[in-house]
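Quick notes on the structure that follows.
The values are calculated or read from the model by the stated rules, or taken from the named source; none is laboratory data. Keep in mind that this is a model prediction, so the values were computed, not measured. A quick note on method: Cβ atoms are made from the backbone with ideal geometry, for glycine too, and the neighbour counts reach across all protein chains shown.
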């Protein structure tokens, strides 16, 4: 699956309450390529992605074609903050497995205000020079057997942005990370800052 790179095809949505703004600009943000709100039992697997009956092809790759977005970011020509590749909001019982994520405009996988999320046996790749591309920004999640190489944080444990995150008052907790290979050219392979995070990983 390839994403659309015409920004006019992306709906502009309100910032998340724990962020208070887009990741680059004040105000709204472009909606993620794959997104869901208040979903139960979401399965993203190699041959099928079920999001209220949306099916993808059988090659198991989602390409965000982020280079255009990265150019707009570095040239300061974005009208709104970049979209993420996959984002689930206020959802539960999510499985993401046996997929490759390429060239996300910003975050690759962003489950926010979610519970019981399992990400396993996936690969995430973006050029090491890509600006602020992040592999996974998790929320109550198990990450296992994954290979992630991005331009910024491979896994970023954050529950919001500054005073907005504090006011929202929902910390990121109960993160389990094991058997992962992480690479990042800037930022951190694994950016901590939360609590209850057992991890076993190898960095490059």
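Brief remarks follow.
- Flag for residue 105 being crowded, with 24+ Cβ neighbours inside 10 Å, in contact with a helix residue (DSSP H, G or I) (Cβ under 6 Å, 6 or more places away or on another chain) and not in a strand (DSSP E or B): yes
- Pick from the range 6-42, criterion exposed (fewer than 15 other Cβ atoms within 10 Å of the Cβ) and touching a residue at least 40 places away in the same chain (Cβ under 8 Å), ranking: farthest from residue 166 (Cα to Cα): 41
- Residue check for residue 136: buried (at least 22 other Cβ atoms within 10 Å of the Cβ) and under 12 Å from the mean Cα position of the chain (by Cα): yes
- Any hit, the range 46-60, residues being part of a strand (DSSP E or B), in contact with a strand residue (DSSP E or B) (Cβ under 7 Å, 6 or more places away or on another chain) and at pLDDT 90 or above: no
- Residue selected from the range 113-128 under the condition in a strand (DSSP E or B) and surrounded by fewer than 23 Cβ atoms within 10 Å (Cβ to Cβ), by the criterion modelled with the highest pLDDT: 125
- Of all residues in the range 162-183, those that are at pLDDT 85 or above and either surrounded by 20 or more Cβ atoms within 10 Å (Cβ to Cβ) or closer than 20 Å to residue 85 by Cβ (or both) total 6.
To keep it simple, each residue is scored yes or no on (1) at pLDDT below 85; (2) touching a strand residue (DSSP E or B) at 6+ places or on another chain (Cβ under 9 Å); (3) within 27 Å of residue 143 (Cβ to Cβ).
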residue: 4; (1), (2), (3): yes, no, no
residue: 22; (1), (2), (3): no, yes, yes
residue: 40; (1), (2), (3): yes, yes, yes
residue: 65; (1), (2), (3): no, yes, yes
residue: 81; (1), (2), (3): no, yes, yes
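- Taken over the range 165-178, the criterion of being assigned to a strand (DSSP E or B) and under 15 Å from residue 135 (Cβ atoms) is satisfied by 177 alone.
- Residue that is surrounded by the most Cβ atoms within 10 Å (Cβ to Cβ), among those in the range 139-161 that are on the phi > 0 side of the Ramachandran plot and part of a loop (DSSP other than H, G, I, E, B): 160
- Count of residues meeting criterion [buried (at least 17 other Cβ atoms within 10 Å of the Cβ) and under 13 Å from residue 127 (Cβ atoms)] in the range 66-78: 3
- Verdict on residue 131 being under 12 Å from the mean Cα position of the chain (by Cα) and assigned to a loop (DSSP other than H, G, I, E, B): no
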